[in-house]
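Heads up, the thing below is written out as structure tokens.
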Amino acid sequence: MKLEDYEADVTSYAVEITKYLISRGAKLQDAEDIVQDTFIKMLELDIFIAPEKLRAWMYRVSIRSYIDKYRRAKHYDRLLMKLGHDLKQFEMPEVADKPELSRFFKQLKPRDEKLLRAYYYEQLSTKDLAARFDISLSKAKVDLHRARKKLKNLLEKEEIKSWNY
């Protein structure tokens, strides 16, 4: 088999797998990212994948990557929901202007403070946060989770359970 034929097969399988992942609920960008990651894994291998096994290998790696991505996203969503419920009492924009809460925000790293303010007070979605901070959606979710956790820990240190204003 010629190298050009092998490349043509890889390309056609990539298109086929992308369509398959989309049919299973993946967004176009996610499906393309997963297929690209599959290419990278293939290039990082020290072995040559036989042409007759190439399609099955690409499908297997792509589907497993999609499942891992889906599970990870579900896990992050559960964590964020859990922590989000713990911080519901601090969601009102006028609370951020209170000097007491500003003191806690100032104790956070500037990036964490910006994330929290953008999410709660500017009401940006995690997708918008990712765009604003030029990071991936999953990183935006994780960073927001960590910032919430830091704020919660600061508040718990002061034994603040709720706000009365």
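Here is how the numbers come out for the structure above:
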read-out: Elements of type helices (runs of 4 or more DSSP H) in the range 70-165, at least 2 residues being over 30 Å from residue 31 (Cα atoms), at pLDDT below 85 and among the aliphatic types (A, V, I, L, M); value: 93-96, 137-157
read-out: Subset of the range 32-69 that is closer than 20 Å to residue 127 by Cβ and in contact (Cβ under 8 Å) with a residue 24 or more places away in the chain - its residue that is surrounded by the fewest Cβ atoms within 10 Å (Cβ to Cβ); value: 69
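The values are calculated or read from the model by the stated rules, or taken from the named source; none is laboratory data. Only a predicted model underlies this, so the values are computations on that prediction, with no experimental measurement involved. Using ideal geometry, Cβ is built from the backbone for each residue, glycine included, and neighbour counts are taken over all protein chains shown.
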